[in-house]
Amino acid sequence: MRHHLPLLVLFALVGSSVFSCLSNYWAREAYINNDVEHALAMTMRERDCGVVDADTIQTFISHITVADVRDTACITIKAVNNGGVESTVLEASAGCSFLTILATSDQRTSGTLAIMALLWGMGSLYYTRRNKAVPALAGAVEAQDYYGGIRYVDEQSRFVTSDGEVMKFTPMQQQLMEMFFRSPSHSLTKQDICDALWPKKPDATDTLYTLIRRLKPIIEEKTNLHIEAERGREYALRIKNS
């Protein structure tokens, strides 16, 4: 549960932001609709006529309190049948878009929650990447868990030194190190390495040489291992001075 807490908090913040945004939008939409209907009612009381002319429209617009709606609001004449009697009624419509309603609604709370969610997500991602290390081992680690001062944590595909430092390899170096550690003798033939890493390359000898040359100083600096060339056709990961 503790590991999922950052994700749960993120979902809670995002959900709260969306709910707040929609609630404020719907409240604003209802307010605008009520505003134009009230403006129409006041217009009809003042003019007391069933004719929609320029003066009627001007009076109607003057009673609308939401400035952003005045350019889109309109009055329509609708025919209704009331018990067989045909009549007409006037209806007011805000005529504004979703974006207009959203822009005029109070979204400070939802905006604050959205920013909090963004910052929380970025912070959680940074923290996870920065501190995603191998879990602390209970008690002392047995000596056979390490080979030359380094061990491979299979479930995380990571190499860790006896000091707890995570070894940093390029993807190709990582693959080669995993091959060395999976080999019972910690040795590999050149052909096996080339077939595994560059299966479509006819002759990967030079590429393998470059990979070994760049991997050697990393291994020798951080561990008690070094890479040896054996019998001209194999590479072996050996403990120094053994």
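The values are calculated or read from the model by the stated rules, or taken from the named source; none is laboratory data. Bear in mind the structure is a predicted one, so any value in this text is a computation, not a measurement. Positions of Cβ are backbone-derived with ideal geometry, glycine not excepted, and every protein chain shown enters the neighbour counts.
In the stretch 107-120, is there at least one residue being under 30 Å from Leu40 (Cα atoms), touching a helix residue (DSSP H, G or I) at 6+ places or on another chain (Cβ under 9 Å) and modelled with pLDDT of 85 or more?
Yes: the stretch 107-120 contains one or more residues that are under 30 Å from Leu40 (Cα atoms), touching a helix residue (DSSP H, G or I) at 6+ places or on another chain (Cβ under 9 Å) and modelled with pLDDT of 85 or more.
Looking only at the stretch 184-200, count how many residues are exposed (fewer than 14 other Cβ atoms within 10 Å of the Cβ), within 23 Å of Thr210 (Cβ to Cβ) and small (Gly, Ala, Ser).
Within the stretch 184-200, residues that are exposed (fewer than 14 other Cβ atoms within 10 Å of the Cβ), within 23 Å of Thr210 (Cβ to Cβ) and small (Gly, Ala, Ser) number 1.
List every residue pair whose Cβ atoms sit under 7 Å apart, with the two residues 6 or more apart in sequence or on different chains, where the first one lies in the stretch 86-97 and is touching a residue at least 12 places away in the same chain (Cβ under 8 Å) and surrounded by 13 or more Cβ atoms within 10 Å (Cβ to Cβ) and the second, anywhere, is hydroxyl-bearing (Ser, Thr, Tyr) and not in a strand (DSSP E or B).
Final answer for the pair search is Ala94/Thr72; Gly95/Thr72; Cys96/Thr72.
Looking at (1) without any contact (Cβ under 8 Å) to a residue 40 or more places away in the chain; (2) aromatic (Phe, Trp, Tyr); (3) part of a helix (DSSP H, G or I), which is the one condition that is false for Phe159?
The number of the failed condition is (3).
Within the stretch 154-171, can you find the residues that are surrounded by 15 or more Cβ atoms within 10 Å (Cβ to Cβ) and either closer than 26 Å to Pro199 by Cβ or modelled with pLDDT of 85 or more (or both)?
First, pick out the residues of the stretch 154-171 that are surrounded by 15 or more Cβ atoms within 10 Å (Cβ to Cβ): 158-162, 167, 169.
Residues satisfying the conditions are Arg158, Phe159, Val160, Thr161, Met167, Phe169.
Here are the criteria: (1) more than 49 Å from the chain's Cα centre (by Cα); (2) on the phi > 0 side of the Ramachandran plot; (3) of a type outside the set (A, V, I, L, M). Tell me which single one Thr88 does not satisfy.
Status for Thr88: all satisfied but (2).
Can you pull out the residues in the stretch 42-67 that are surrounded by 15 or more Cβ atoms within 10 Å (Cβ to Cβ) and closer than 24 Å to Phe98 by Cα?
Phe60, Ile61, His63, Ile64, Val66
What residue, among those in the stretch 98-107 that are surrounded by 10 or more Cβ atoms within 10 Å (Cβ to Cβ) and without any contact (Cβ under 8 Å) to a residue 40 or more places away in the chain, is nearest to Glu37 (Cα to Cα)?
Filtering the stretch 98-107 for residues that are surrounded by 10 or more Cβ atoms within 10 Å (Cβ to Cβ) and without any contact (Cβ under 8 Å) to a residue 40 or more places away in the chain, the one nearest to Glu37 (Cα to Cα) comes out as Thr100.
Just need a number here: residues in the stretch 164-196 that are over 16 Å from Tyr235 (Cβ atoms) and either in contact with a strand residue (DSSP E or B) (Cβ under 7 Å, 6 or more places away or on another chain) or not assigned by TED's automatic domain parsing to the domain that holds Leu225 (or both).
Counting residues in the stretch 164-196 that are over 16 Å from Tyr235 (Cβ atoms) and either in contact with a strand residue (DSSP E or B) (Cβ under 7 Å, 6 or more places away or on another chain) or not assigned by TED's automatic domain parsing to the domain that holds Leu225 (or both) gives 2.
Is it the case that some residue within the stretch 66-82 is of a type in the set (Asp, Glu), out of contact with any Ser or Thr (no Cβ under 6 Å at 6 or more places or on another chain) and at pLDDT below 85?
There is no residue in the stretch 66-82 that is of a type in the set (Asp, Glu), out of contact with any Ser or Thr (no Cβ under 6 Å at 6 or more places or on another chain) and at pLDDT below 85.
Would you say Thr223 is in the same structural domain as Arg158 (by TED's automatic domain parsing) and touching a Gly at 6+ places or on another chain (Cβ under 9 Å)?
Against the criterion (in the same structural domain as Arg158 (by TED's automatic domain parsing) and touching a Gly at 6+ places or on another chain (Cβ under 9 Å)), Thr223 qualifies.
Would you be able to say whether some residue in the stretch 130-151 is polar (S, T, N, Q) and at pLDDT below 80?
yes
Return the total of residues in the stretch 100-131 being more than 25 Å from the chain's Cα centre (by Cα) and part of a helix (DSSP H, G or I).
The total comes to 4.
Under the condition of being farther than 22 Å from Leu102 by Cβ and surrounded by 15 or more Cβ atoms within 10 Å (Cβ to Cβ), which residue from the stretch 8-41 is nearest to the chain's Cα centre (by Cα)?
Ranking the candidates gives Leu10 first.
State yes or no: is Val14 in a loop (DSSP other than H, G, I, E, B) and among the hydrophobic types (A, V, I, L, M, F, W, C)?
Spelling it out, it is not the case that Val14 is in a loop (DSSP other than H, G, I, E, B) and among the hydrophobic types (A, V, I, L, M, F, W, C).
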